[in-house]
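See structure below.
Throughout, read-outs are computed from the coordinates displayed, never taken from laboratory work. Just so it is clear, the structure is predicted and the values come from calculations on it, not from any experiment. Virtual Cβ from ideal backbone geometry, glycine too; neighbours counted across all protein chains shown.
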């Protein structure tokens with residue numbers, strides 16, 4: 001259960017960083033690269049937490065198979081959404 005909560009928190013953090021920074025004043029923003037690196041790091045940690053969750057299932061193969069079907073859909077969407085949010089953040093940053 002803790003893996004699920006940690007994964008959700010890390011995933012939301014990876015999306016919140018670019019969303020919050022998109023709404024900030026561009027002239028005051030510095031170190032855009034750091035924000036992007038932190039956002040992708042949270043994304044990777046959320047995915048890794050899901051892998052740890054799979055490992056904790058142990059010999060319960062039916063749980064692993066059921067979870068893998070869902071993760072095959074959710075993880076690519078999560079990665080693409082993180083990339084799009086960071087691209088929007090960078091384009092807004094360098095537009096001004």
_Candidate set from region 23-77 (those that are surrounded by 12 or more Cβ atoms within 10 Å (Cβ to Cβ) and in contact (Cβ under 8 Å) with a residue 60 or more places away in the chain); member that is nearest to residue 87 (Cα to Cα)_ = 32
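Any chance you could count how many residues in region 57-85 are under 16 Å from residue 33 (Cβ atoms) and over 11 Å from the mean Cα position of the chain (by Cα)?
Taking region 57-85 as the starting set, the residues that turn out to be under 16 Å from residue 33 (Cβ atoms) are 82-83, 85.
With the extra rule that they be over 11 Å from the mean Cα position of the chain (by Cα), the set shrinks to none.
Qualifying residue count, region 57-85: 0.
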